[in-house]
1. Provide a single number: the residues in segment 401-422 that are touching a strand residue (DSSP E or B) at 6+ places or on another chain (Cβ under 7 Å) and assigned to a helix (DSSP H, G or I).
2. Check segment 247-255 and report whether any residue there is on the phi < 0 side of the Ramachandran plot and among the small types (Gly, Ala, Ser).
3. Taking segment 474-494 as the search range and keeping residues that are open to solvent by less than 10 Å² (accessible area, probe 1.4 Å) and touching a Leu at 6+ places or on another chain (Cβ under 7 Å), which one is farthest from Asn185 (Cα to Cα)?
4. Any residue at all in segment 176-183 that is closer than 30 Å to Val446 by Cα, modelled with pLDDT of 95 or more and assigned to a strand (DSSP E or B)?
5. Of all residues in segment 114-132 being part of a loop (DSSP other than H, G, I, E, B) and either under 14 Å from Asp160 (Cα atoms) or basic (Lys, Arg) (or both), which is least open to solvent (accessible area, probe 1.4 Å)?
6. Which of the residues belonging to segment 207-255 are in a loop (DSSP other than H, G, I, E, B), touching a residue at least 40 places away in the same chain (Cβ under 8 Å) and in contact with a strand residue (DSSP E or B) (Cβ under 6 Å, 6 or more places away or on another chain)?
7. Residues being open to solvent by 10 Å² or more (accessible area, probe 1.4 Å) and either out of contact with any Leu (no Cβ under 6 Å at 6 or more places or on another chain) or under 21 Å from Glu107 (Cβ atoms) (or both): count how many of those fall in segment 165-190.
8. Of all residues in segment 327-350 being free of Cβ contacts under 8 Å to residues at least 60 places away in the same chain and of a type in the set (Asp, Glu), which is farthest from Arg377 (Cα to Cα)?
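The values are calculated or read from the model by the stated rules, or taken from the named source; none is laboratory data. The model shown is predicted, which means the values in this text are computed figures rather than measured ones. Note that we place each Cβ from the backbone using ideal geometry, even for glycine, and neighbour counts take in every protein chain shown. Keep in mind that these areas ignore ligands, DNA and RNA; they rest on the heavy atoms of the full protein, side chains included. Shrake-Rupley method; radii C 1.70, N 1.55, O 1.52, S 1.80 Å.
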Amino acid sequence: MMSRARLCLLAAAVAVWLERADGVWPLPQQLHQSADRYGLSPRLFSFSYGRDSAAQTGCSVLDAAFKRYFSIIFPDFTTGSERALQTAPFVATVSVKTRGCDGYPDEDSDESYALSVSEGRAELRSVSVWGALRGLESFSQLVQQDDYGAYFINKTEMVDFPRFAFRGLLLDTSRHYLPLRAILNTLDAMAYSKLNVFHWHIVDDPSFPYQSRTFPDLSNKGAFHAFTHIYTQSDVMRVIEHARMRGIRVVPEFDSPGHTQSWGKGQPGLLTPCYKGSVPSGSFGPVDPTLDTTYRFMESLLKEVKFVFPDSYVHLGGDEVSFACWQSNPNVRKFMEKMGFGKDFTKLESFYMESIMNMTAALNKTSIVWQDVFDYRERIPQDTVLEIWKGAKYQAELSRMTQAGHRVLLSAPWYINHISYGQDWRDSYAVRPQNFSGTDEQKKLVIGGEVAMWGEYVDATNLTPRLWPRACAAAERLWSNEEQTLNADLAFPRLADFRCQLVRRGFERSLSLLVTADMSSTTCNTLEDIYNI
């Protein structure tokens, strides 16, 4: 006999279940659904281009998306397998105002769309193919299956667009090498969550897995393994194209002058020799900012980066530079005296970073740097984007950076490589990126934020459960209306449902259970599964 408390709990669960926006994550800006339900038959379903669409058959991005989303919408359909009752034909028509099928998404991409679902048809309209991709994702989430396996969709009207243009996710592939498949799977999940920037922290102190055309010894000598633990040029191209087809930008990070120990193995003379007293100690510190050869090397590497990575942004790092080695080196001290820096090594780092940022600007690339660069009061080109990663008191930093006229990204509250017991995704709903002291013009300079998954304790075996669905909470805060997504309790049933969608789309059963106390069912689609608390 079920207890009164259990009955009340299930009744409340049912109420929330019925009130939620079925299967739509992140929460759309405007969504109206009715109880009217239309059956879908995989045999009678098709995607098509609208007659007035600038993109037509042959548009690489949308042609591939139609095939991909058919399989997502009807995952268990094979010839002769359909269990649905015979239904009328259903056509999902996509119309875009601008073609743009062969290009790459960028900072100005329009991701807005409008979706209307009625009997026998769905109409998706967008300005760009990138908006069409977001609309196709929402449409796919609206399709449901009943207890008998029949597909259906409710009458729906939706108008949607992102709150922030930059919604990123950082993967660290230096501290632990991530196989190509793990990266591609992550890009898939990003598209499902409408994240649109893959920040590839591709190299760091432990290893240099990027296989450079110009400097092959960087990976030959700096990677964990010169053949098995590298990203070839072909691998990089595959990542960029996989991302492009999902409307995701790829922004590489080549962090210097610190975090460069692996660089020195394949590029002699790049790192600063550390001294013990008057003799070299045999160890090395950050990049040596006193040598002309350093800047020639960096210029050549950045030219290659411009050629390989099509996005207009490149992340230059600039964080956590230890000054101890520079202080110990007599040549560095002489350079400091010559330049009039005295004993202020922040000025030496500023000198280096300013030079690198000017190189990047000359290559028509926009620099992103960590907040340390701004904190050291360096002369930063005005179009440089600053990224906040330190601590909980990021509001004051937001105020200072935007007052100086810089665009800003926020990642400090979304370092989800840190984990804690329980439903730590709820913390995302307290994050308000524009809640700081400043003018409306300053607040417009906050262009978005990103989830960071650093790799000290993360490899391919635990990447998925660390990331998903925890990263989905940040994705919603960056896409959806802030006032409508302040309440984690209201987000809970939708996120639990979206987790089940990720499972049904083929993600490992190890997908994070931090949404609910127990979601062990293999079906992952009943009230008992979602609310077994």
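1. Going through segment 401-422 one residue at a time, the tally reaches 4.
2. no
3. Filtering segment 474-494 for residues that are open to solvent by less than 10 Å² (accessible area, probe 1.4 Å) and touching a Leu at 6+ places or on another chain (Cβ under 7 Å), the one farthest from Asn185 (Cα to Cα) comes out as Thr485.
4. no
5. Filtering segment 114-132 for residues that are part of a loop (DSSP other than H, G, I, E, B) and either under 14 Å from Asp160 (Cα atoms) or basic (Lys, Arg) (or both), the one least open to solvent (accessible area, probe 1.4 Å) comes out as Ser128.
6. The answer is Ile248, and nothing else.
7. 9
8. Selected residue: Glu337.
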